[in-house]
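Below: one structure, written as structure tokens.
The values are calculated or read from the model by the stated rules, or taken from the named source; none is laboratory data. If you're wondering where the values come from, they're calculated on a predicted model, not measured in any experiment. FYI the Cβ positions are ideal-geometry reconstructions off the backbone, even for glycines, and counts take in every protein chain you see. Surface accessibility is based on the protein's heavy atoms, side chains included, excluding ligands, DNA and RNA. Shrake-Rupley method; radii C 1.70, N 1.55, O 1.52, S 1.80 Å.
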Amino acid sequence: MRHLLTHGAGLLLAFCLLAPSGARAEGAKVLLYHHVSSETPSSTSVTPATFDAHLELIAEGDYEVVPLARIVDALINGGTLDPRWVAFTFDDAYESVATTAAPRLAERGWPFTVFVSTDAVDTGTGPVLDWDALRALEAGGATIANHTLTHEHMVRRRSGESEDAWLGRLAREVMGAQERLEAELEDPLRVFAYPYGEFNAAIAHLMQSLGFIAFGQQSGPVGGTSSPYAIPRFPLARGFDSVDSLAEKLRTEHLPLINPDIPATLLSADAGAPVLEFTVAESSGLRPGTLTCFIGGQPKTEVSWQEGGRIRVQAERPLWAGRTKYTCTAPHPDKPRVYYWHTHLYIRPHSDGSWYSG
Ligand SMILES: [Zn+2]
């Protein structure tokens, strides 16, 4: 106590350096896996050995593996999203989740969530778990949640489909899957993951009106200015799953923004190079010129820093058809090796309006 009193001024200074403008550090991490197997497509798989290395890294670091519901509760209720929090999620309920991932997580007593497209489970399409297996995971402490009935690309309107008809069809995808989950399971969580991580503002608003919290696949840590209908996750699959790369992601913090947009945009078929704009909150302590943005398939990305923390990110070339992420990072002003991280997803059809596969 005496130390605190006599060194008050020094402590205050230290506090200011660590927490610019009184900001609290935020940035819970939600990890996204599909298969944990050496036999499945690499774009959606990590090997069991890599998965073991990930678990070891998290166990040895200063992290706490929490149920997804803890992160959701903190986000909705204005609680602090501790940067040490890590949640495991698995999309599509593949067999390797039960055979390979679940036993490893159970050994450490770590919770996880599985997002399920219910039609595939009902019809036994592909290497997916059946309801008995999902019930067994649930009985073991896993959370099961909603990933639509049919794993639709939600942004794709059918030809001649009105906006109302489109949103009505999506609502049936979500509510139909929730009915199936509630009929088959004890206590499915009312949270949702967008198939392929594809959504836009209209779909995020639909999820809000249906009373669902929703997760995307744009990478980044979760913080107070993350939309509850567009929560970021870090996808882990071969090529992006090295231990070093995971360690870097686990050290990130949430970049607080002023009035953030929904972080995904559906572009028109004739879209060129979209400009991403957002405003960084002063509480971040971010210094002008320290933000770097990467755009998939582009040589170099220009970032301009305007008055009041307004950031403008311009791609050099038009985006290809498909999903393109603008990923912006900046070194934390006070914490060595810690990065702020923010991602915005763009979805673009081919120039003739047709859609890419997958
Ligand atoms: Zn999926």
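Condition first: more than 16 Å from the ligand (Cβ to nearest atom), open to solvent by 60 Å² or more (accessible area, probe 1.4 Å) and either hydroxyl-bearing (S, T, Y) or not in a helix (DSSP H, G or I) (or both). Now tell me which residues in the stretch 124-143 satisfy that.
D130, G140
Within the stretch 144-152, is there a residue that is surrounded by fewer than 20 Cβ atoms within 10 Å (Cβ to Cβ), modelled with pLDDT of 95 or more and more than 16 Å from the ligand (Cβ to nearest atom)?
no
Given the conditions (1) touching a strand residue (DSSP E or B) at 6+ places or on another chain (Cβ under 6 Å); (2) over 28 Å from A28 (Cα atoms), report the number of the one that H350 does not fulfil.
Checking H350 against (1) touching a strand residue (DSSP E or B) at 6+ places or on another chain (Cβ under 6 Å); (2) over 28 Å from A28 (Cα atoms), the one that fails is (1).
Can you name every residue in the stretch 219-268 that is within 20 Å of F192 (Cβ to Cβ) and assigned to a strand (DSSP E or B)?
V222, I231, F234, P235, A264, T265, L266
Restricting attention to the stretch 269-302, which residues are in a strand (DSSP E or B) and under 23 Å from the mean Cα position of the chain (by Cα)?
Result: V275, L276, E277, F278, T279, V280, T292, C293, F294, I295.
Test A133 against the stated conditions and say whether it is farther than 28 Å from R70 by Cα and either in contact (Cβ under 8 Å) with a residue 12 or more places away in the chain or under 23 Å from the mean Cα position of the chain (by Cα) (or both).
no
This table checks each residue for (1) farther than 19 Å from L255 by Cα; (2) open to solvent by less than 30 Å² (accessible area, probe 1.4 Å).
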residue	(1), (2)
K325	no, no
A330	no, yes
H342	no, no
D352	yes, no
Y356	yes, yes
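Counting only residues that are away from the ligand (no atom under 16 Å from the Cβ), within 21 Å of the chain's Cα centre (by Cα) and of a type in the set (G, A, S), which one in the stretch 76-101 is most open to solvent (accessible area, probe 1.4 Å)?
Among those that are away from the ligand (no atom under 16 Å from the Cβ), within 21 Å of the chain's Cα centre (by Cα) and of a type in the set (G, A, S), it is G78.
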